[in-house]
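The values are calculated or read from the model by the stated rules, or taken from the named source; none is laboratory data. Please read these numbers as outputs of a predicted model, since none were measured by experiment. Quick reminder, even Gly has a Cβ in these numbers, built from the backbone with ideal geometry, and neighbours come from all protein chains shown. Each accessible area value is taken on the protein alone, full model and side chains, heavy atoms only, with ligands, DNA and RNA left out. Shrake-Rupley method; radii C 1.70, N 1.55, O 1.52, S 1.80 Å.
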Amino acid sequence: MLKVKPILRFLDLHNPLSGLIIEKVSVDTPEGKREFDGMWGSSLTDSTARGKPDIEALDVSARVSMLNDVLEVTTKPIIYDADTGGQIEHFKFTVRTLERLGVSAAIIEDKTGLKKNSLFGTDVEQTQDSIEAFCQKIKAGKQAQATDDFMIIARIESLILDKGMEDAVKRAKAYLAAGADGIMIHSRKKDPAEIFEFCERYREFGENKPLVAVPTSFNMVTEDELADRGVNIVIYANHLLRSAYPAMLNTAKTILINKRSAECDEQLLPVKDILELIPGTK
Ligand code: SPV
Ligand code: MG
């Protein structure tokens, strides 16, 4: 898919129903049918959906069990958010498990210790891993793979942690040399300038390995603008859950206010449609 499309778009996954939306939704445009290419197994939305903080509190077995349920009813590729990847000795098993399950890629981020969500930036304590230790983790993961198909993408947190562009570029080179199949560069700025600068520097390596961007903060940037700068995968990391939560909260409040459900019905999926949403229910 990476070879034939200019840019791939992924959307957050937190249960099989969100997976089915990603699988099936499409819009007709003057350039033809447009759809999502795959699912992002977000640590933030998977944790949030289960009422847990995004600090690797959900263990790998719980995360994998959700993916397994998703894969029973969908077919599109999954990129799994593997957080820090955990201990190197444990990461090897995670890779084997994901690969066996049919997940396409895992992204590990170069942080160590208690992981906090990147979008907190420097508001919370977050520790970046050393280049040497993180390269060891990448190498161990690549060695653990049973086939050539699975991808391990290295995520750089230098811009998130205000360590600067030079640090980000240095790490990208080192991680690719250690065997990473691609790089994810993250930023929490509203302006995409630092992402664009990184893209330019990255293409100078001449490596041609996929580059991943997650435009949650710099959300004015378009897919075309990212593709023009050499981004290969764009991830909308949390948007399905962020849209579901206010809708559910509003329904709950409307019932409380009115002491009945008639007032919220207009905004809901009709009962007939929920019964027929999943094929085979009848
Ligand atoms: C996630 O979706 O869990 C991510 C992306 O890791 S972010 O929340 O921006 O760190
Ligand atoms: Mg995450």
**OP:** Would you mind working out the accessible area per residue for the range 8-237, using a 1.4 Å probe, and quoting it in Å²?
**Re:** 44 Å²
Original post:
Quick one: which of 26-38, 202-214 comes out on top by average Cβ neighbours within 10 Å, and what's the full order, highest first?
Top reply: 202-214, 26-38
Original post:
Straight-line reach from LYS173: which lysines have Cα under 20 Å away, leaving out those fewer than 8 places along the same chain?
Top reply: LYS111, LYS137, LYS139, LYS142, LYS163, LYS209
**OP:** If a/c stays under 1.5 just call it rounded; otherwise compare a/b with b/c (prolate if a/b is bigger, oblate if not). Do that for the range 239-282, with a ≥ b ≥ c from the square roots of the Cα gyration tensor eigenvalues.
**Re:** oblate
Original post:
Tell me, what HN-Hα J-couplings in whole Hz come from the Karplus equation 6.51 cos²θ - 1.76 cosθ + 1.60 at θ = phi - 60° for each residue of the range 51-58, using x for Gly and Pro?
Top reply: x, 10, x, 7, 10, 6, 6, 6
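For the range 239-282, report the accessible area per residue in Å² (1.4 Å probe, heavy atoms, rounded to an integer).
Details: 3880 Å² over 44 residues.
Dividing the accessible area of the range 239-282 by its residue count gives 88 Å².
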Subject >> Amide H contacts of GLU157 (H built 1.01 Å from N, under 5 Å, at least 5 apart or other chain) >> reply: ASP110
Subject >> the chain - convex hull of the alpha-carbon atoms, volume per residue in Å³ >> reply: 157 Å³
Original post:
What FRET efficiency would be calculated for the residue pair HIS90, ASP69, taking the C-beta separation as r and a Förster radius of 25 Å, to the nearest 0.05?
Top reply: 0.65
Original post:
Spin-label point model (7 Å from Cα, Cβ direction): what's the GLU125 to GLU263 distance in nm?
Top reply: 4.7 nm
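Counting alpha carbon pairs within less than 8 Å and at least 6 residues apart, what relative contact order, in whole percent, applies to the chain?
Working: 452 pairs, mean separation 49.7, N = 282.
This gives 18 percent for the chain.
List the relative contact order of the range 4-48 as a percent without decimals, with contacts defined as Cα pairs under 8 Å and 6+ residues apart. The partial results should precede the final answer.
Numbers: 52 pairs, mean separation 21.4, N = 45.
Worked out over the range 4-48, it gives 48 percent.
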Original post:
List the GluC sites (Glu not before Pro) in the range 119-182 that DSSP assigns to loop (not H, G, I, E or B) and whose Cβ has at most 13 other Cβ atoms within 10 Å. Which are they?
Top reply: GLU125
Subject >> Qualifying lysines (Cα of each under 24 Å from Cα of LYS24; at least 8 residues distant if same chain) >> reply: LYS3, LYS5, LYS33, LYS76, LYS272, LYS282
Original post:
In what sequence, highest mean first, do 79-85, 56-62, 252-258 appear when ranked by Cβ atoms within 10 angstrom?
Top reply: 79-85, 56-62, 252-258
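Could you work out how much longer the chain between ASN250 and ASP228 gets when fully extended? Use 0.36 nm per residue separation minus the Cα distance between them, nm to one decimal.
On the way: separation 22, 0.36 × 22 = 7.92 nm, distance 3.96 nm.
4.0 nm is the gain from fully extending ASN250 to ASP228.
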Subject >> Hits among aspartates and glutamates - C-alpha to C-alpha of LYS189 under 12 Å, sequence gap 8 or more where chains match >> reply: ASP162
**OP:** Leaving ligands, DNA and RNA out of it, report the carbon-plus-sulfur percent of the accessible area of the chain at a 1.4 Å probe.
**Re:** 54 percent
Subject >> Calculated from backbone phi, Karplus (6.51, -1.76, 1.60) coupling profile of the range 172-181 in Hz, x at Gly/Pro >> reply: 4, 4, 5, 5, 5, 5, 6, x, 4, 7
Original post:
What list of ³J(HN,Hα) couplings, whole Hz, do you get for the range 136-144 from phi and the Karplus terms 6.51, -1.76, 1.60, once you set θ to phi - 60° and write x for glycine and proline?
Top reply: 4, 5, 4, 4, 4, x, 5, 5, 6
